[in-house]
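A.B. asks: Handing you this structure, nothing more for now.
The values are calculated or read from the model by the stated rules, or taken from the named source; none is laboratory data. Keep in mind that what you see is a predicted model, and the values were worked out from it rather than measured. No Cβ is skipped: glycine too gets one built from the backbone with ideal geometry, and neighbour counts run over all protein chains shown.
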Amino acid sequence: MNNLVLFASGSGSNFITIYNNTLNKKIKDSKIVLLVSNNPNSNSVSFAKGIGIDTFIINKRKYPLNNEYDRVLKEKLLNVEPDLIVLAGYMKLIPKSITSLFENRIINIHPGKLPKFGGKGFYGLNVHRAVVENKEKYTAVTIHYVNEKYDKGMIIHEEKIKVLENDSPESLSKRVLTYEHKVYSDVINKLLNERFN
């Protein structure tokens, strides 16, 4: 059985989809053993607590010192022995001490083409607004390995999505999210059941 650790900051729609797909076996032989969040009031945390998934809150308010922040996060992750760490709408940079310890075992999903629409500040509607304003014909859902820089890790999969002429950032966001829900679980299943076993 593969151990999955999810990181999420907000509504948790990708987290919830991934959880459901571990139950219906779209992600085979896997279970979510921990949710890490910087936001104790997020829907992700409420959902995880409601179904009995262990949750761990880590933020600068609780751990203001960098070395303490890194140490407690590292201890928590080593304790649950993750086969894969999945960022699902997590808004904080992962420390280098963690990315080097779990090299090629941390992945993220990005709602745009990388590197063009990535980096600090490019998240959520900001990405879709930039795509629409730039009059791009296509956008993408991009899944990549995580390193110590925003959106700079090696790309694993890019799912191309047509931008419609009448798209607003909001309509594009909704459509891209439906692709995220499908593609992320497919890639997670492939990585876990072809790479690590």
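A.B. asks: Need the failing condition index for Ser44 against (1) surrounded by 15 or more Cβ atoms within 10 Å (Cβ to Cβ); (2) part of a loop (DSSP other than H, G, I, E, B); (3) among the small types (Gly, Ala, Ser), just the number.
C.D. replies: (2)
A.B. asks: Across the range 66-102, what is the number of residues that are touching a residue at least 40 places away in the same chain (Cβ under 8 Å), part of a helix (DSSP H, G or I) and in contact with a helix residue (DSSP H, G or I) (Cβ under 9 Å, 6 or more places away or on another chain)?
C.D. replies: Summing the residues that are touching a residue at least 40 places away in the same chain (Cβ under 8 Å), part of a helix (DSSP H, G or I) and in contact with a helix residue (DSSP H, G or I) (Cβ under 9 Å, 6 or more places away or on another chain) in the range 66-102 gives 2.
A.B. asks: Also, I was wondering about something else. Within the group Val5, Val33, which residue is over 15 Å from the mean Cα position of the chain (by Cα), surrounded by 15 or more Cβ atoms within 10 Å (Cβ to Cβ), part of a strand (DSSP E or B) and on the phi < 0 side of the Ramachandran plot? Before the answer, list the steps.
C.D. replies: Numbers: Val5 fails: over 15 Å from the mean Cα position of the chain (by Cα).
That would be Val33, the only listed residue that is over 15 Å from the mean Cα position of the chain (by Cα), surrounded by 15 or more Cβ atoms within 10 Å (Cβ to Cβ), part of a strand (DSSP E or B) and on the phi < 0 side of the Ramachandran plot.
A.B. asks: Further, regarding this structure: For the range 47-65, enumerate the residues that are outside any helix (DSSP H, G or I) and in contact with a strand residue (DSSP E or B) (Cβ under 7 Å, 6 or more places away or on another chain). Don't jump to the end; show me each part of the working.
C.D. replies: Restricting attention to the range 47-65, the residues satisfying the condition of being outside any helix (DSSP H, G or I) are 51-65.
Those that are outside any helix (DSSP H, G or I) and in contact with a strand residue (DSSP E or B) (Cβ under 7 Å, 6 or more places away or on another chain): Ile53, Asp54, Thr55, Phe56, Ile57, Ile58.
Rundown of residues vs (1) over 17 Å from Gly153 (Cβ atoms); (2) touching a Leu at 6+ places or on another chain (Cβ under 8 Å), yes/no style:
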residue: Leu65; (1), (2): yes, no
residue: Glu75; (1), (2): yes, no
residue: Pro82; (1), (2): no, yes
residue: Ile94; (1), (2): no, yes
residue: Ile98; (1), (2): no, yes
residue: Phe102; (1), (2): no, yes
residue: Gly112; (1), (2): no, no
residue: Gly118; (1), (2): no, no
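A.B. asks: When the residues of the range 119-177 are narrowed to those that are of a type in the set (Ser, Thr, Tyr) and at pLDDT 95 or above, which ends up surrounded by the most Cβ atoms within 10 Å (Cβ to Cβ)? Break it down stepwise before answering.
C.D. replies: Step one: list which residues in the range 119-177 are of a type in the set (Ser, Thr, Tyr), which gives 123, 138-139, 142, 145, 150, 168, 171, 173.
Then drop every residue that is not at pLDDT 95 or above, which leaves 138-139, 142, 145, 168, 171, 173.
Details: Tyr138: 10, Thr139: 27, Thr142: 23, Tyr145: 18, Ser168: 13, Ser171: 14, Ser173: 18.
Filtering first and then ranking leaves Thr139.
A.B. asks: Among what's in the range 8-26 and is of a type outside the set (Gly, Ala, Ser) and within 24 Å of Gly124 (Cα to Cα), pick the residue that is surrounded by the most Cβ atoms within 10 Å (Cβ to Cβ). Steps first, answer last, please.
C.D. replies: At the first step, the residues of the range 8-26 found to be of a type outside the set (Gly, Ala, Ser) are 14-26.
Right, trim to within 24 Å of Gly124 (Cα to Cα) and you get 14-21.
Details: Asn14: 23, Phe15: 30, Ile16: 19, Thr17: 18, Ile18: 24, Tyr19: 21, Asn20: 13, Asn21: 20.
The extreme case among them is Phe15.
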